[in-house]
There are 2 protein chains.
Amino acid sequence: MEAPIKILIADDEADILEIISFHLVKAGFEVFTAKDGSEAIEKANSYAPDCIILDIMMPKRNGFEVCEYLRSNSKFDKTLIVLLTALNDETSHIKGLELGGDDFISKPISPKVLISRITALFRRLQPSTGQNKIINSNDLSIDLSQYKTTLKGVNFVLAKKEFELLYLLAAQPGRVFLRGEILSQVWGNDVIVGDRTIDVHIRKIRAKLGIDCITTVKGVGYKFDY
Amino acid sequence: MEAPIKILIADDEADILEIISFHLVKAGFEVFTAKDGSEAIEKANSYAPDCIILDIMMPKRNGFEVCEYLRSNSKFDKTLIVLLTALNDETSHIKGLELGGDDFISKPISPKVLISRITALFRRLQPSTGQNKIINSNDLSIDLSQYKTTLKGVNFVLAKKEFELLYLLAAQPGRVFLRGEILSQVWGNDVIVGDRTIDVHIRKIRAKLGIDCITTVKGVGYKFDY
DNA sequence: AAAGCTGGTTAACAATTTGATAATATGGAT
DNA sequence: ATCCATATTATCAAATTGTTAACCAGCTTT
């Protein structure tokens, strides 16, 4: 039921890339890789990862430069940046943190430590981001603050009522909502609409989603199951 | 000016306590000290610090125990916990982070590093303090202090209301702003303007920008997406 | 002072999207 | 087969937004 956290790793050493990404994938993250600074920026833009791990010494653009670029772009305000270095060197440590890095880890890297540090960062960050009422269920994500729905990363557009209806059902997966409940939650208590109206909206949602995640419970109501 | 950030340091070595607290005070923090685990808990309760720095090896109660105590108490939900250790030991590192620590620093401690790490943690935690006056998103840059907007380096002129509207939306990319929110933020609560006024301003911004970075969410509001 | 700007607002209308309903089809249960 | 609840489809009215032009106020220029 967890949101798939996306992590981008940038390092020019292929074996490090491989071993870290192996452990991260095993820990349940969705991982992207880049072999230099330019590729890191490119992939950061296209995949919008939640966390970016940057080696400092990389070709094309070094970790500091990438960090600076990311921090100058408000799109990455909420993105965690972790810097890696071979040097256990105080100066670059401080420089990295001042450029807006969130954490700094010295090589040689222990995958366990890396993962537990990243987990700790997310644990801290989640509650503050947690104002966003986002529902995540498998490939489906529903973000109330953005009125945005994505399926397998691709976003699709729902009209207001459709969105509200899906949001209501998906907020409590498995729970059956009586037609009366749906009416009063989505339409309000004083609005009177016909019985078939709900069906039609359900149908539209099903059509747009492509997958059947809403189950009909005959004589009772509907539930979200996915 | 805001209230100073309160930090509690717990370590049994008096000289370390002294040197760290000296630097923290110099960096503008309000500092409390404790020489063992029990005192740390006591002072944490009475002073409600924003951040607690715990040495792992301490008399009475060690750092892990204190950390565990703090994390079991919801009063300290928002309190940052930084763990210190003499050992550069992976196991206690992970243990500390799993017990709910937010950061972990190995001795010997560099005051500069300590301060920059703490600053980085607070920066993440309090996005309110870091209100950027300049928004950068891809080729678009919006500078509040100069009321200046540039696209791909070329600057273009927005009228006051247009600027304020764009700034509001762009400050939180992706977030949908309800028409009511926009009205109260840009026009103020007591001003009454017609329904179409927002649309017209949105249209002017779109025209001047050339790119479509403002998305309409019908029945809800507008959002900046770029 | 008159004429000319600029920015902000509004009215009027066009274009678009939406939601609700009616009519009809389907499918399972009895 | 019949009944009943839901599914489906098409249609229309209502709601919402886009667009344009006009208006007014305040300020600058002539």
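The values are calculated or read from the model by the stated rules, or taken from the named source; none is laboratory data. These numbers come from a predicted model, not from an experiment. Ideal geometry is used to build each Cβ from the backbone, glycine not excepted, and the neighbour counts take in all protein chains shown. With ligands, DNA and RNA removed, areas are computed over all heavy atoms of the protein, side chains included. Shrake-Rupley method; radii C 1.70, N 1.55, O 1.52, S 1.80 Å.
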Exercise. Does B:Gly28 satisfy being open to solvent by less than 80 Å² (accessible area, probe 1.4 Å), out of contact with any strand residue (DSSP E or B) (no Cβ under 6 Å at 6 or more places or on another chain) and on the phi > 0 side of the Ramachandran plot?
Worked result: yes
Exercise. Is it the case that segment B:190-200 has a residue that's in contact (Cβ under 8 Å) with a residue 40 or more places away in the chain, away from DNA strand C (no atom under 11 Å from the Cβ) and over 24 Å from A:Phe156 (Cα atoms)?
Worked result: no
Exercise. Restricting to strands (runs of 3 or more DSSP E) lying wholly in segment B:46-110: which have 2 or more residues that are under 25 Å from B:His23 (Cα atoms) and at the interface with chain A (Cβ under 9 Å from one of its Cβ atoms)?
Worked result: B:103-106
Seminar exercise, completed: Among (1) open to solvent by 60 Å² or more (accessible area, probe 1.4 Å); (2) outside any helix (DSSP H, G or I); (3) free of Cβ contacts under 8 Å to residues at least 40 places away in the same chain; (4) not charged (D, E, K, R), A:Pro4 falls short only on (3)
Problem set entry | Flag if A:Asp212 is at pLDDT below 90 and either surrounded by 15 or more Cβ atoms within 10 Å (Cβ to Cβ) or within 13 Å of DNA strand C (Cβ to nearest atom) (or both) | no
Exercise. List, please: which pairs have Cβ atoms under 7 Å, are six or more places apart or on different chains, and start with a residue in segment B:202-213 that is in contact (Cβ under 8 Å) with a residue 12 or more places away in the chain and end with one that is of a type in the set (Phe, Trp, Tyr) and near DNA strand D (Cβ under 8 Å from one of its atoms)?
Worked result: B:Ile202/B:Tyr222
Problem set entry | Residue list for segment A:152-203, filter: away from DNA strand D (no atom under 16 Å from the Cβ), over 17 Å from A:Asp225 (Cβ atoms) and assigned to a loop (DSSP other than H, G, I, E, B) | A:Lys152, A:Gly153, A:Asn189
Exercise. Looking at segment B:215-226, which of its residues are near DNA strand C (Cβ under 10 Å from one of its atoms) and of a type in the set (Gly, Ala, Ser)?
Worked result: B:Gly219
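Restricting to segment A:204-221, name every residue that is within 11 Å of DNA strand D (Cβ to nearest atom) and either outside the structural domain of A:Leu166 (by TED's automatic domain parsing) or not hydroxyl-bearing (Ser, Thr, Tyr) (or both).
Residues of segment A:204-221 within 11 Å of DNA strand D (Cβ to nearest atom): A:204-207, A:212, A:214-221.
Hits for segment A:204-221 are A:Lys204, A:Ile205, A:Arg206, A:Ala207, A:Asp212, A:Ile214, A:Val217, A:Lys218, A:Gly219, A:Val220, A:Gly221.
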Problem set entry | Complete set of residues in segment B:151-179 that are closer than 14 Å to B:Ser137 by Cβ and charged (D, E, K, R) | B:Lys152, B:Arg175
